[in-house]
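The numbers here are math on the coordinates, done by the rules we state, and not lab data. Please read these numbers as outputs of a predicted model, since none were measured by experiment. Note that we place each Cβ from the backbone using ideal geometry, even for glycine, and neighbour counts take in every protein chain shown.
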Amino acid sequence: VQFFRVEVAVEDINDHAPVFPEERVTLKVLEKSDPGSRFPLQGARDLDVGSNSIQTYSISPDNEYFSVAFGSQIKGKKYMELVLEKPLDREEQAEVDFSLIAVDGGSPPRSGTTQIHVVVLDVNDNAPIFSQELYVGQVLENAPEGSVVLRVVATDRDAGVNGDVSYQFSQAEDQTHSAFVIDTTSGEIKLTKSLDFEAAENHELSVQATDGGGLSAICKVLVEVVDVNDNAPEVMISSFSSPIPENSLPGTVVALFTVRDRDAGANGKISCTLEDQLSFSLRPAYKNYFELVTVSTLDREEMARYILTVTASDTGSPPLTTTETFTVDISDVNDNAPVFSQASYTMYVSENNVPTVLVGTVSAVDADMGHNAKVTYSLVPTNPTEQHPCSCISVNSENGDVFVLRLLDYEQVKQIEVLVSASDAGSPPLSANVTIRVVVVDKNDNAPLVLYPSQESNAPSSELVPVSAEAGYLITKVVAIDADSGQNSWLSYHLLRATDPGLFAVGAQSGEVRLRRSVTERDAVKQKLVILVRDNGQPPLSATAALSALLLSDFSDVRLPHSSLATEDEGSSLTIYLIVSLVFISLLFLVSTAAFVVCKVCKRKELKDGHVLYGASNLQSSLADAAASGTLSNAYCYEISLTTGSGNSEFKFLKPILPSLPPHLHATGGGTSYDQDFPCGPGSAGDMEPDDPGMRSKEQLNSL
């Protein structure tokens with residue numbers, strides 16, 4: 001079997017006559033058109049080729065105004081124009097008609113005719129002018145229908161209708177040109193169908209711009225069809241390492257890969273780019289091989305994972321790209337010390353606190369992870385010279401809770417500063433310190449102290465006030481302080497008591513004591529005042545300041561009021577003492593009386609039961625008890641002595657006189673002698689009956 005290449009050439013014969021696209025063409029020509037002006041016309045088409053195609057154009061009948069010129073354009077395309085040989089005069093001839101004949105070179109020759117109708121217009125002396133003589137546009141072969149290829153622009157300096165420009169293709173193109181259409185108003189050239197680069201690499205068009213006065217201009221348009229890049233690059237990974245430690249040196253290779261593109265020419269040229277160029281970069285290795293390397297030190301705490309995107313692009317138009325993603329994890333090393341959430345901490349605790357009270361929490365975080373991020377807390381000495389930290393503050397090593405271990409007093413300790421250290425569990429461990437200031441918050445536990453007038457002396461301070469003083473006269477000023485702070489030490493002054501409350505006024509903030517009204521004759525000379533000084537705490541505490549004011553008409557009489565005041569004060573004190581003594585004596589008397597009655601009742605019960613015993617040492621008291629209980633005679637003697645000249649009356653109980661005892665009984669006790677005969681009082685021993693309990697008592701005495 002053999003193959004042979006055969007080429008068959010089809011030879012043309014003149015079997016087609018030239019054909020104009022229009023049987024009648026109307027031209028509008030200005031009467032002021034200069035000789036030599038050219039008016040393009042759409043040439044005739046002849047399907048034959050070579051010498052059988054159109055060879056000449058002629059005008060019939062000949063006229064003195066126009067001639068025909070024709071030639072070849074770019075790439076052999078034909079053009080045909082009417083050339084003005086003589087100026088037109090619309091007044092002499094408004095219209096010119098003639099025939100335009102196209103003759104081919106066949107044998108016999110064939111011809112085509114069209115009628116030319118020239119309308120001579122009035123003056124329109126500016127023809128449209130294109131911004132470019134040649135427009136070049138590029139369009140993709142896969143551009144969709146309706147895509148704009150380019151836009152031609154022509155301007156006309158005339159105004160009105162003569163300045164309106166319309167666009168159209170200037171001559172009948174071959175069938176390939178049916179892929180384009182031009183907008184008559186905007187000059188945009190659009191696609192009516194998709195183009196094929198393999199069928200035609202470019203297309204040449206002629207665009208005519210005509211103004212409203214009939215003037216026109218022609219420009220050339222070259223449309224280039226651009227090939228489509230339809231193959232994207234490929235990325236193939238040879239090696240990849242992840243994770244890598246955060247202390248890796250710059251230049252560490254993370255990945256190795258190669259790229260390729262099956263397109264040829266510019267569409268096959270490949271370039272690689274990396275989006276993140278701060279910590280990593282691409283380094284060409286060999287031909288299309290690339291290395292992904294580190295370019296700076298890494299920090300896991302700032303970025304624990306890098307998602308790197310490598311983009312491979314060809315140089316096609318438009319370029320095709322392929323992306324490959326590398327996920328690089330960073331492993332941790334202990335390179336970060338704990339960091340406290342605040343530069344310093346201020347915590348508050350109320351004075352008189354409960355021991356071991358929680359006052360706050362310190363918090364530190366370690367940017368590392370795992371074992372390197374475990375934080376423990378401890379107290380450290382504030383100064384290097386200290387051996388141990390403050391013993392009244394404690395911190396929990398696990399969670400950083402801060403406790404106050406003992407009771408604090410604001411008046412003694414206003415604040416305490418300690419240093420807390422936070423250490424991680426890395427190797428070696430890293431630590432950080434922070435200062436904690438524990439502020440003791442004041443409580444209202446101190447009452448106001450009156451400095452003036454002094455309250456230490458027995459007699460209150462006396463202020464002299466002239467009788468002629470008017471309302472608002474400053475008598476004195478009460479000065480007091482409070483050991484507390486803040487609002488607990490804000491003092492206010494109030495008039496608590498006064499001899500005449502309507503006469504005085506006290507400044508609530510200043511403590512100034514002033515006259516509320518003028519002094520009158522009915523006001524007492526001596527005025528006593530008690531000022532209440534109260535703080536602003538919750539609950540409020542207070543103190544009182546006592547003072548007196550002497551209303552004097554003349555300050556030379558100051559001695560008399562002071563003497564009267566002293567005497568009156570002394571009398572008042574003596575009265576208080578007497579009242580207290582009287583109350584005490586009355587209570588003592590009542591207690592003694594109650595005790596005496598109870599004892600008597602008990603003794604009488606014992607005598608009735610017959611169990612009364614007498615001893616030598618208590619004989620006198622026993623006899624007295626017997627007399628009181630009715631076992632002896634009830635005869636007593638009393639003496640009442642009254643003294644004249646004294647303001648007090650006295651009642652004197654001398655002593656009881658006991659009844660007669662037998663002759664053989666003579667007892668002494670307690671300094672009192674008991675004799676045989678007692679002359680006074682009825683009821684002697686002879687009058688007692690044998691069964692009288694008193695007789696039984698004497699028999700018991702006789703036995704003693």
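Subtract the Cα-Cα distance of F240 and V467 from 0.36 nm times their separation in residues, and report this length gain in nm to one decimal.
Going from the current span to full extension adds 70.9 nm.
Using 0.36 nm per residue, how much length does the chain from V293 to T184 gain when fully extended, once their Cα-Cα distance is taken away?
Numbers: separation 109, 0.36 × 109 = 39.24 nm, distance 5.94 nm.
Residue separation times 0.36 nm, minus the Cα-Cα distance, leaves 33.3 nm.
Given labels modelled 7 Å from the Cα in the Cβ direction, how far is it in nm from D34 to E201?
My value for the distance between the label points is 3.9 nm.
Calculate, for A159 and T315, the FRET efficiency according to 1/(1 + (r/R0)^6) with r their C-beta to C-beta distance and R0 35 Å; round to the nearest 0.05.
Details: r = 50 Å, r/R0 = 1.43.
Result of the calculation: an efficiency of 0.10.
Run the numbers on the range 234-331 and let me know its relative contact order in percent, using alpha-carbon pairs under 8 Å that are six or more apart.
About 34 percent, as a whole number.
Cut-off 14 Å, label point 7 angstrom out along Cα-to-Cβ of V333: give me the residues of the range 213-255 whose amide nitrogen falls inside.
Within reach of a label on V333, which here means backbone N under 14 Å from a point 7 Å along Cα→Cβ, the range 213-255 contributes 244-252.
Only sites in a loop by DSSP and with at most 13 other Cβ atoms within 10 Å count here; which GluC sites (Glu not before Pro) in the range 303-392 make the cut?
In loop regions of the range 303-392 (DSSP not H, G, I, E or B), the sparsely surrounded GluC sites (Glu not before Pro) are E386.
Work out, step by step, the length gained on full extension between Q132 and S111: first 0.36 nm times the residue separation, then minus their alpha carbon distance; give nm to one decimal.
4.0 nm
At V441 and T325, where each label point lies 7 Å from the Cα along Cα→Cβ, what is the point-to-point distance in nanometres?
5.3
How about the range 394-494: which GluC sites (Glu not before Pro) there lie in a loop by DSSP and see at most 11 other Cβ atoms within 10 Å?
Answer by residue number: E398, E456, E470.
Take the alpha carbon gyration tensor of the range 339-441, find the square roots of its eigenvalues, order them as a ≥ b ≥ c, and report rounded if a/c is under 1.5; if not, report prolate when a/b exceeds b/c, else oblate.
Prolate is the answer for the range 339-441, as a/c is 1.5 or above and a/b outweighs b/c.
Tell me the net charge near F39. Cut-off is 10 Å between Cβ atoms, F39 excluded, with +1 for each Lys or Arg and -1 for each Asp or Glu.
+1
So what's the net charge close to G400: Lys and Arg +1, Asp and Glu -1, counting the other residues with Cβ under 15 Å from its Cβ?
Once positives and negatives cancel, what remains is -3.
Give me the net charge of S111's neighbourhood, meaning all other residues with Cβ under 15 Å from the Cβ of S111; Lys, Arg count +1, Asp, Glu -1.
-3
Could you pull out the pairs from K78/K190; K77/K220; K86/K220; K193/K220; K28/K220; K190/K220 whose alpha carbons sit more than 18 Å apart here?
K78/K190; K86/K220; K193/K220; K28/K220
For S397 and A483, what is the calculated FRET efficiency with R₀ set at 41 Å and r taken between the beta-carbons, to the nearest 0.05?
According to the calculation, E is roughly 0.60.
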